[in-house]
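First the structure, in the form of structure tokens, and then the observations on it.
The values are calculated or read from the model by the stated rules, or taken from the named source; none is laboratory data. Bear in mind that the values here come from a model prediction, so they are computed numbers and not experimental data. Counting neighbours? That spans all protein chains shown, and the Cβs are built from the backbone with ideal geometry, glycine included. Heads up: the accessible areas ignore ligands, DNA and RNA and are worked out on the full protein's heavy atoms, side chains in. Shrake-Rupley method; radii C 1.70, N 1.55, O 1.52, S 1.80 Å.
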Amino acid sequence: MRLFIYNISLIAIVFVLITSCKTAEQKSLEQLRESILLDLQSSEYADTGAEETKKVKTAFDGYKAAATRDYNLIHTKLEVSFNLESEQLFGLATIDLSPHFYPQDSLILDAKSFDIHHVYLLNRDDQKSLNYTYDNLKLKIGLTETYSRTDTFTVQIKYTANPSKVPPSAAGKNKSIADNRGLYFVNPDGSQLNKPQQIWTQGETDYNSCWFPTFDVPNQRCTQEMYITVEDRFVTLSNGKLISSTMQDDGQRTDYWLMDQPHAPYLFMMAVGEYAIVEDQWEDIPLTYYVEPAYEPYAKDIFGNTPEMLGFFSKLLNYKYPWNKYAQVVVRDFVSGAMENTTASVFMERVQVTRRELLDEDWDYIIAHELFHQWFGNLVTCESWANLTLNEAFGNYSEYLWKEYKKGTNEADYHLGKELNAYLNEAEGENKDLIRYYHEYSEDMFDNHSYAKGGLILHYLRYILGDEAFFASLSHYLKKHAFQSVEVHELRRAFEDISGKDLHWFFDQWFLASGHPKLKIDHEYIENLSSLRINVKQEQNMAKLPLYKLPAQVTLWHDEGPEHHELIINKSEQTFEIQTSRRPKSIIFDEVGVIPGIIKHKKSAKEWFTQFEKSTSVRQRMRALRELANTEDLAFKAKIIEAAIADEFWAVRQQGLDMIMGLGNKQIDSLNLVSLIETIAEKDPDNVVRSDAISILADLDADKYADIFRLCAYDSSYSIAGTCLFGYLQSSREDKDQLINLFEDETQVNIIIPLADHFAYESQYERYDWFINKLEKTSDESQWYLVRLLGQLLMTAPDSMRLEGISHLEKYALSGSKYYVRLGAYQALELNEDVEGVKEKLAYIREREKDETLRRYYHNLLEE
């Protein structure tokens, strides 16, 4: 069967292998995300196992300490202008600084790939030229005298920054930060007609020294001035407030931005482009949303919850938003998902959507994440990248907090479950300390340990301490360390100050050690003693991982309701006796789902079904469904499916549909499930669930439901419209071209995919130009699908078309802006290896690829 299901809800597109000309089943991006990076993980960790985790401390030279502070930055003034064609920045940096403690007679600044024109020491009345040496990474300046810690002096550096000449670093190994140039020019020569000209920066971790000289480390901070000179058609954005705009004699304009509160150098930013600026407000804080002009009507639909988020987080933390403005800007070709620069967050272009697209998915989670960093990361900053989780655990957990507040506990807990899965998937390859003083590159820290595991640990600590103590501790931490850099023990002491509890045990096992608990639970009810006996074993490798202390709750479900009991797990094996007058219908260990680990609990099918019926936890209901999915009793399975479909939460209903998809068409009909699917397809309140139900109907009988598909192809939800379009194109109706003609100019990914799939499957070579046109006009996630499907179309195309198409695929395999587009194009070329010269092109692509994970993936392909 050719079942097509998709739900465009993209954070990061994962790697999927093309294994045949036409796949039997095309997965949704949601499904792909559930198996995130599995193909690459097997490649990346082929020679590494969790058993070897601790060897990391001998694999390279040493301990990654916080940077030594010979100096304290005080103030940085930058005056910059640009040459778009040569992709250069012309800068004048004026830096005020003072020795931290010891006397100093020289100065070393980070400055990558600059042309240094002069270095001066500025006095009140004059300037003195200073001697310097420069090795393309460090600018070493000799001072004219020795300065003590009571002295302040000013140096001025005139330079040209050449970001295109910055050598590649470890950034390519990491999917959170995909490049290291620091300063980026988008479409600098204006040759790409469907892409605006932009300039933007990305400083984390140490990339801002690619465009201005500084101490590019997180334990420095200073105030800032930015004078940005641009063509008058452009608007600018930087940290702090816009003080003035001044026209120059040459027709350019200089914008003066002032940041009068100190922050870390990696948080300096600027963005330049032809933006619409939409204004908003929260209390006395001005808010601005920078979007491309076509998206101006939707800016408040995208970012409109920002004022409410500011109020919610300020109240929750008992600490008002600490800066004087907040801006959010969307840029093209961003090298990450988003970045929390102080007062001005940058977002990838996928956040820029229409009101119609927002019907299927909003971007609140990423907006909340970057906003929460304004407290955790910007106001209080990790002193070293080894302590990155002090920034990112909080950014990650803000997503849970916002969902819990805005959408309810079910939505928040479902999100938490996905974060747990993301961490566990990564930990299968390698367990790592959360606070990681031993790592090779700072980019290595940006993973699902620092993010997802960090957020899970905060949630567990909240459970242990209680809400009041937890949030009071966060407020205390922020107030005590505002405008400072911190390490993990300062967070621990903040929680201890408020709670009065010694929390060394918690921080030692979670923040300062690797791994997670693996618990095996068995239970037995002893009738004559009216006692429930629960046995708990910790099965993680305790030669390498901790023996955990785990406060936990066990819930006994009876007909009239739950009975809760608190336990402390602190031995390798423990047996607990719980007095209860009758046999529980179901026993759920850690029903609230706060333990960041793996829990295996053997239960009967009846107990799992009772768990599904009784539990108030969406994650426990979904766990029960997974355990029941393989039951061979079809009547029982139908009962399970009907119960799942009736659930209040959309993801549970979707899981019920997944169980239906696992059945054959005859089984679906014999179990009388068709009418149930039809009802969901018509009436379910969630667009994704409706879309999945429509997909099943298309597979059951596309002709029977063709009239419905044609009608719902005009649905306001793109997810539903795209699925209905696919269903109609799968039917035998002869008027398909009429519908295609109505939609072929669409650029939205949900509509493009079914059209491209149909053209490729039906070998419609006359649509070749349509593919090329869409590739030029659409976003990265669309390109990922299009290159793969174009590769399928070319397999049987005329020779001249194959040769031309292969040239296009080679271009995307070499220069696609995202790694997954390059991989998709490479795989499409593999489908056409029979064409002369393609094998050589594939070898050249592998040789030119800079992304370390892709390079390793290609290497392993050759060895298979």
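In this label model, residue 191 and residue 549 are separated by 6.4 nm, measuring between points 7 Å along each Cα→Cβ vector.
A simple spin-label model places the labels of residue 496 and residue 152 3.6 nm from each other, with each point 7 Å out along Cα-to-Cβ. Applied to segment 781-796, the Karplus parametrisation 6.51 cos²θ - 1.76 cosθ + 1.60 on θ = phi - 60° returns per-residue 3J(HN,Hα) values of 5, 5, 4, 4, 5, 5, 5, 5, 6, 4, x, 5, 4, 5, 4, 10 Hz, with x for Gly and Pro. Average accessible surface for segment 269-426: 27 Å² per residue, computed with a 1.4 Å probe over protein heavy atoms with every protein chain in place. Net length available on complete extension from residue 633 to residue 124 is 174.4 nm, with 0.36 nm assigned per residue and the Cα-Cα distance removed. Centre-to-centre, using Cα atoms only, segment 428-498 and segment 64-106 are separated by 29 Å. Computing FRET efficiency as 1/(1 + (r/R0)^6) for residue 800 and residue 843, where r is the C-beta to C-beta distance and R0 is 22 Å, gives about 0.35.
Here the contact order of segment 450-546, divided by its residue count and restricted to Cα pairs under 8 Å and six or more residues apart, works out to 19 percent.
Out of segment 559-637, which GluC sites (Glu not before Pro) are coil in DSSP terms and have no more than 16 other C-beta atoms within 10 Å?
Taking segment 559-637 and a limit of 16 other Cβ atoms within 10 Å, the loop GluC sites (Glu not before Pro) found are 560, 632.
For the cross-link pairs 544/571; 520/603; 138/850; 432/518, the ones whose C-alpha atoms lie over 19 Å apart are 138/850. Loop-resident trypsin sites (Lys or Arg not before Pro) (DSSP state other than H, G, I, E or B) in segment 823-862 with no more than 16 further Cβ atoms inside 10 Å of their Cβ: 850. Residue 542 contributes an accessible area of around 80 Å² to the protein surface, as traced by a 1.4 Å probe with all chains present.
Pairs over the 21 Å Cα-Cα cut-off, from the set 418/453; 195/325; 480/501; 195/818: 195/325. In loop segments of segment 384-423 as defined by DSSP, the trypsin sites (Lys or Arg not before Pro) with at most 14 further C-beta atoms inside 10 Å of their C-beta are 407. Between the C-alpha center of segment 391-424 and that of segment 285-349 there is a gap of 19 Å.
Once you sort the root eigenvalues of the Cα gyration tensor of segment 600-656 as a ≥ b ≥ c, which label holds: rounded (a/c under 1.5), prolate (a/b larger than b/c) or oblate (the other case)? Please list the in-between numbers first.
Working: a/c = 1.76, a/b = 1.11, b/c = 1.59.
Oblate.
Computed log10 I(q)/I(0) for the chain at 0.06 Å⁻¹: -0.44, from the Debye equation with unit scatterers placed on every C-alpha and solvent omitted. Modelled label positions at residue 284 and residue 245, each set 7 Å beyond Cα in the direction of Cβ, lie 2.6 nm from each other.
Would you please give the FRET efficiency between residue 679 and residue 541, computed as 1/(1 + (r/R0)^6) with r the Cβ-Cβ distance and R0 = 60 Å, to the nearest 0.05? For R0 = 60 Å, the calculated efficiency reads 0.75. Out of every Cα-Cα pair that segment 605-754 contains, those further apart than 18 angstrom amount to 58 percent.
What full-extension length gain, to one decimal in nm, is calculated for residue 830 and residue 580 as 0.36 nm per residue of separation minus the Cα-Cα distance? Each step should come with its number before you reach the end.
Details: separation 250, 0.36 × 250 = 90.00 nm, distance 6.37 nm.
Once the chain is fully extended between residue 830 and residue 580, it gains 83.6 nm.
Relative contact order for the chain using alpha-carbon pairs under 8 Å, separation at least 6, rounded to a whole percent?
Details: 1638 pairs, mean separation 81.9, N = 864.
Relative contact order of the chain: 9 percent.
Using a 1.4 Å probe on the protein heavy atoms, what percent of the accessible area of segment 780-864 belongs to carbon and sulfur? Heavy-atom surface of segment 780-864 belonging to carbon and sulfur, 1.4 Å probe: 46 percent. So which lysines can residue 704 reach, going by Cα to Cα under 27 Å and dropping same-chain residues fewer than 8 places off? List returned: 22, 27, 637, 639, 666, 683, 736. Share of carbon and sulfur in the accessible area of segment 64-152 stands at 44%, probe radius 1.4 Å.
Length gained on full extension, residue 101 to residue 701, computed as 0.36 nm times the residue gap minus the Cα-Cα distance: 208.2 nm. In this calculation the C-beta distance from residue 482 to residue 94 is compared with R0 = 35 Å, giving a FRET efficiency of 0.85.
Aspartates and glutamates within cross-link reach of residue 841: Cα-Cα under 15 Å, excluding same-chain residues under 8 positions apart? Partners within reach: 804, 810, 830, 833, 849.
Surface composition of segment 569-698: carbon and sulfur atoms hold 47% of the protein heavy-atom accessible area at a 1.4 Å probe. Segment 200-273 and segment 610-627 have their alpha-carbon centroids 51 Å apart. Taken along its principal axes, the alpha carbon cloud of segment 321-386 reaches lengths of 41, 25, 17 Å, longest axis first. Per residue, segment 459-602 exposes 43 Å² of solvent-accessible protein surface, assessed with a 1.4 angstrom probe and all protein chains in place.
Rolling a 1.4 Å probe across the protein heavy atoms gives segment 729-838 an accessible surface of 38 Å² per residue.
For a quick check of understanding: with a 1.4 angstrom probe and all protein chains in place, what accessible area in square angstrom does residue 808 have, to the nearest ten? Solvent-accessible area, nearest 10 Å²: 40 Å².
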